[in-house]
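The values are calculated or read from the model by the stated rules, or taken from the named source; none is laboratory data. Everything numeric here is computed off the predicted structure, so don't read it as measured data. Heads up, the Cβs are rebuilt from the backbone with ideal geometry, glycines too, and the neighbour counts pull from every protein chain shown. Remember, those area values only see protein heavy atoms, side chains included, never the ligands or the DNA or RNA. Shrake-Rupley method; radii C 1.70, N 1.55, O 1.52, S 1.80 Å.
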Amino acid sequence: MKKNNKSINRQELNRWRGWFKIFFYGTPVVTISFFAAQLFFTKGDFSTNLSSIDNWSSFTKTFNLPISVFTAMAGITTLIGMYYRSLQLTVQLDKVEIQIGIANKQFEKVEHQFRLAQKQFNLSQKKENYALFLEHSKQVKEELNNKIVDAELFMLPHKPLLGKFTIEFKKFYSFCFPENSYAEVSTFNHAAKAQYFEDPFQTYETDLTGLVKLADERKISMKDLCDFINQPMTATGITYQPIKQLQNTDEIRGFMLESFRALPYIYLLLSNYNLVAEESAERCSILCREIEKKYRGI
């Protein structure tokens, strides 16, 4: 329907343009024709003496008909021209409207393509972050496992062992690198940005100080002592746990002695990963050895 209206406007524009040309070029022709006809039919009825002022002053009265015809046709021509111009402007506005519509469609298409590109970029970025997260966690896990193997080989050489280092890696990683996730990786170092375990570790140090006296006075059982010095480390994801259910006092005692050698290494690991201060780790190691001495009765 809209296309038909534009077609009609163009036809009407062409028609009125033709009328405008007819009147524009016909006005002087018709006017001259009327002048010529009046001159022909009234020949001899008026004076042609150009030196007479009366002839000049009565010119408009004498040739009133041709002048009136010219005035009328000029007015009609002006009106037709104005109407033709308005139609022409309407057609131009229609063209502008069409161009705006085309531009809007192109803009919508570009916007759609931009949204698709943005989605693809976001997906690519997520994939890249996911790959970076996996790679970083893999490197940290391999490094941590190697350090644990070294500890078992060099610090606990006696076989068979009653306990072993256990690592809840997801807990350790999220505790050490809380700013990293599958969606975003902001830390690539192999150490925590802050000493996240320092405050509870200082509380742990205070508890160890109290255990020195209890161990010396034998006011705590071996099992409770073992739980007190091992359990707080579970928050970090690195602990020393028995391989099997301890059956008797000798096994509990043997596991506890292993713990006395294993725990200082866990403190060292926490310090290496910047989860606790180096000084705090050293003090807890000293207290752990002191508890072992008191317990052994050395």
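Brief remarks follow.
- Shape of the chain, Cα gyration tensor, a/c cut at 1.5: prolate
- You can think of it this way: the chain between Val110 and Thr90 has 4.2 nm of extra reach, that is 0.36 nm per residue less the Cα-Cα gap.
- For the stretch 139-289, Kirkwood radius (reciprocal of mean inverse C-alpha pair distance, Å): 16.2 Å
- Residues of the stretch 121-153 with amide N under 20 Å of a point placed 7 Å along Cα→Cβ from Glu184: 121-137
- Between Gln11 and Ile32, the FRET efficiency estimated from the beta carbon spacing at R0 = 25 angstrom works out to 0.15.
- Loop sites in the stretch 223-272: trypsin sites (Lys or Arg not before Pro), DSSP, at most 15 other Cβ within 10 Å: Lys244
- Residues whose placed amide H lies under 5 Å from that of Gly163, excluding near-sequence neighbours: Ile243
- Note on Phe24 and Leu65: with the Förster distance fixed at 22 Å, the Cβ-Cβ geometry gives a FRET efficiency of about 0.55.
- When each full DSSP H helix of the chain is screened for a Cα extent of at least 20 Å along its own axis and an average Kyte-Doolittle hydropathy of at least 0.0, the helices passing are 249-272.
- Normalised contact order of the chain, rounded percent, pairs of Cα under 8 Å and 6 or more residues apart: 18 percent
- Fraction of accessible area attributable to carbon and sulfur, the chain (%, probe 1.4 Å): 59 percent
- Residue-normalised accessible area of the chain, given per residue in Å² at a 1.4 Å probe: 65 Å²
- Charge-dipole axis of the stretch 64-214 as Lys and Arg at +1 and Asp and Glu at -1 on Cβ define it, positive-most pick from Ile98, Tyr130, Gln88: Gln88
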